[in-house]
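Notes follow the structure.
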Amino acid sequence: MKQAPTNAVPDKKRRSFFTQAAAGIALLTLAPGVRLVDLALGKKDETAVTGTVRWGMLIDTTKCAEGCVACVEACDTEHGLTGFNRPKTDAQWIRKLELEDEQTGKAHSLPMLCQHCANPPCVDVCPTGASFVRKDGIVLVDKHICIGCRYCMMACPYKARSFIHEELSEQKPHAPRGKGTVESCTFCVHRVDRDHTPACVEACSEAGHQAMIFGDLNDNNSTLTKVLGELASKQVREDLGLNTGVRYHGI
Amino acid sequence: MAIVPWLILMTALSLLASVELAGAQVLGNSRAAELDQCVEPTEFMRRNHMELLIHQRDETVHRGIRTKNHSLVECIACHAEKDSDGQFVSINAEGQFCQDCHVTAAVSMDCFQCHATKPDVNAQLTGLAIAMTRPNCQR
């Protein structure tokens, strides 16, 4: 178990050396002002998202504290998810699961949220095209097109989606929500588009756990891919072949 | 002659009407009141703001484009009025900027079932001011 990471590291370094070298050559050979790699990295407001990036997340369940709901609370606050005291139908974009291996008694705590699949069943079943995968891998509902049929809720193996049953008021300006539409975790798209991390990840780290790492799965130099290269990780229901953007370590 | 007072009245009425159409809608206690211009020429805005908004909607939701000029959040941030207590009034409340003209023009729109009708008082992430550091941001 200890061996794997040490073996993996030099490989990674070599690979990133090559990508950097390749980028250097590309910069030299292209006309001035034309770049293959955006050195500024941050996305500008006026640029569209592209498939160069695939947003993803690693949840280290060995660091996730039992009973801690910092991520859930941060998500509720960020998006104004105030409940109606109806736990069965109140909107929930992220929830905590406490699991126990019946044989060994080993307990796990982990947050469950939209897994941002590359092949999402919610998108397959949506009759209007409201459910879609954005180019950078974020699975979203375009609520302007959603008719509230809830097929996607049935199709999702992770129970990640909610339907809004009540008329709402006092929504957050950056998180429009309304009766009759389905919604789920957006990876805090409004923050990510402006170079910030999702609220849950930030809260987890502020709570001192750092159990959630957010980043670009396509970028060999991101902390996320580096950690994924060192820690064993799993997709929940990997057998479904959905290629989830959210991965778990320690389950 | 009895017709003269009528003529005067009609002229006065039509003058009043044209004054209203010529921009009386921007309300005193909003940020817009301190500015000379909308995000596009006023005449253009009066006729075409819906197209701008619908276009921006798709650009933002599907392509992640977050420019501010045609953003609905920004219309509200600039056009929403504060009451005498300094509290923002909903942009779709009676007599308020978007609502007033829409009532006159018999427009009904569902945007505010979902979209906030007041600017974010904390202005946390309304697009104009975000300067928070995100320790875990990997880009």
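Got at least one residue in the stretch B:66-75 being assigned to a helix (DSSP H, G or I), of a type in the set (A, V, I, L, M, F, W, C) and surrounded by fewer than 16 Cβ atoms within 10 Å (Cβ to Cβ)?
From the stretch B:66-75, those assigned to a helix (DSSP H, G or I) are B:72-75; that's our starting set.
Within this subset, residues satisfying the condition of being of a type in the set (A, V, I, L, M, F, W, C) are B:72-73, B:75.
Restricting the remaining residues to those that are surrounded by fewer than 16 Cβ atoms within 10 Å (Cβ to Cβ) gives none.
Checking the stretch B:66-75: not a single residue is assigned to a helix (DSSP H, G or I), of a type in the set (A, V, I, L, M, F, W, C) and surrounded by fewer than 16 Cβ atoms within 10 Å (Cβ to Cβ).
If a residue must be under 26 Å from A:L242 (Cβ atoms) and free of Cβ contacts under 8 Å to residues at least 60 places away in the same chain, how many such residues does the stretch A:142-185 contain?
Count: 19.
Residue under question is A:L81, and the condition is that it be of a type in the set (A, V, I, L, M), within 21 Å of B:C114 (Cα to Cα) and modelled with pLDDT of 95 or more; does it hold? Step through it out loud before you land on a result.
Numbers: of a type in the set (A, V, I, L, M): yes; within 21 Å of B:C114 (Cα to Cα): yes; modelled with pLDDT of 95 or more: yes.
Yes: the conditions hold for A:L81.
Among the residues of the stretch A:170-193, is there at least one that is part of a strand (DSSP E or B), open to solvent by 30 Å² or more (accessible area, probe 1.4 Å) and within 9 Å of chain B (Cβ to nearest Cβ)?
Pass one, the stretch A:170-193, residues part of a strand (DSSP E or B): A:172, A:175, A:182-183.
Filter once more, so that each one left must be open to solvent by 30 Å² or more (accessible area, probe 1.4 Å): A:172.
Pick out the ones that are also within 9 Å of chain B (Cβ to nearest Cβ) and you get A:172.
The answer is yes; a qualifying residue exists.
Is it true that A:G229 is surrounded by fewer than 16 Cβ atoms within 10 Å (Cβ to Cβ), more than 8 Å from chain B (Cβ to nearest Cβ) and not in a strand (DSSP E or B)? Talk me through it step by step, then tell me what you get.
Working: surrounded by fewer than 16 Cβ atoms within 10 Å (Cβ to Cβ): no; more than 8 Å from chain B (Cβ to nearest Cβ): yes; not in a strand (DSSP E or B): yes.
When the stated conditions are applied, A:G229 does not pass them.
Just to verify a result, which residue in the stretch A:232-251, among those that are among the polar types (S, T, N, Q) and farther than 18 Å from A:T52 by Cβ, is least open to solvent (accessible area, probe 1.4 Å)? Spell out the reasoning first.
Initially, the stretch A:232-251 is screened for residues among the polar types (S, T, N, Q), giving A:233, A:235, A:243-244.
If we keep only those that are farther than 18 Å from A:T52 by Cβ as well, we get A:233, A:235, A:244.
On the way: A:S233: 46, A:Q235: 31, A:T244: 0 Å².
Residue satisfying both the conditions and the ranking: A:T244.
Kindly state which strands (runs of 3 or more DSSP E) lie completely within the stretch A:47-132 and contain at least 2 residues that are among the basic types (K, R) and either in contact with a Phe, Trp or Tyr (Cβ under 8 Å, 6 or more places away or on another chain) or surrounded by 14 or more Cβ atoms within 10 Å (Cβ to Cβ) (or both).
Strands (runs of 3 or more DSSP E) meeting the threshold: A:94-100.
State whether the residues of the stretch B:42-51 include one that is under 24 Å from A:K179 (Cα atoms), assigned to a helix (DSSP H, G or I), open to solvent by 50 Å² or more (accessible area, probe 1.4 Å) and touching a Gly at 6+ places or on another chain (Cβ under 6 Å).
No, there is no match, as no residue in the stretch B:42-51 is under 24 Å from A:K179 (Cα atoms), assigned to a helix (DSSP H, G or I), open to solvent by 50 Å² or more (accessible area, probe 1.4 Å) and touching a Gly at 6+ places or on another chain (Cβ under 6 Å).
How do the pairs read when you match residues in the stretch B:49-70 that are more than 7 Å from chain A (Cβ to nearest Cβ) with residues anywhere that are polar (S, T, N, Q) and outside any loop (DSSP other than H, G, I, E, B), using Cβ under 7 Å and keeping only pairs 6 or more apart or on different chains?
Short answer, once both residue conditions are applied: B:H70/B:Q56.
Can you pull out the residues in the stretch A:198-221 that are open to solvent by less than 10 Å² (accessible area, probe 1.4 Å) and either closer than 26 Å to A:H144 by Cβ or modelled with pLDDT under 95 (or both)?
Answer for the stretch A:198-221, where residues must be open to solvent by less than 10 Å² (accessible area, probe 1.4 Å) and either closer than 26 Å to A:H144 by Cβ or modelled with pLDDT under 95 (or both): A:P198, A:A199.
Listed here are the residues, each with its yes/no results for (1) more than 30 Å from A:V133 (Cβ to Cβ); (2) among the hydrophobic types (A, V, I, L, M, F, W, C); (3) at pLDDT 95 or above.
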{"position": "B:E20", "(1), (2), (3)": "yes, no, no"}
{"position": "B:V26", "(1), (2), (3)": "yes, yes, no"}
{"position": "B:A32", "(1), (2), (3)": "yes, yes, no"}
{"position": "B:L52", "(1), (2), (3)": "no, yes, yes"}
{"position": "B:D58", "(1), (2), (3)": "no, no, yes"}
{"position": "B:H62", "(1), (2), (3)": "no, no, yes"}
{"position": "B:H70", "(1), (2), (3)": "no, no, yes"}
{"position": "B:C75", "(1), (2), (3)": "no, yes, yes"}
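Filter the stretch A:135-157 down to residues that are in a loop (DSSP other than H, G, I, E, B) and surrounded by fewer than 21 Cβ atoms within 10 Å (Cβ to Cβ), then give me how many there are.
Keep residues of the stretch A:135-157 that are in a loop (DSSP other than H, G, I, E, B), which gives A:135-138, A:142-150, A:156-157.
Filter once more, so that each one left must be surrounded by fewer than 21 Cβ atoms within 10 Å (Cβ to Cβ): A:135, A:142-145, A:147-150, A:157.
Count: 10.
The values are calculated or read from the model by the stated rules, or taken from the named source; none is laboratory data. Since this is a predicted model, take the numbers as computed values, not measurements. Because the Cβ atoms are built from the backbone with ideal geometry, glycine has one as well, and the counts that use them run over all protein chains shown. Note: accessible area is taken over every heavy atom of the protein model, side chains too, but ligands, DNA and RNA are not part of it. Shrake-Rupley method; radii C 1.70, N 1.55, O 1.52, S 1.80 Å.
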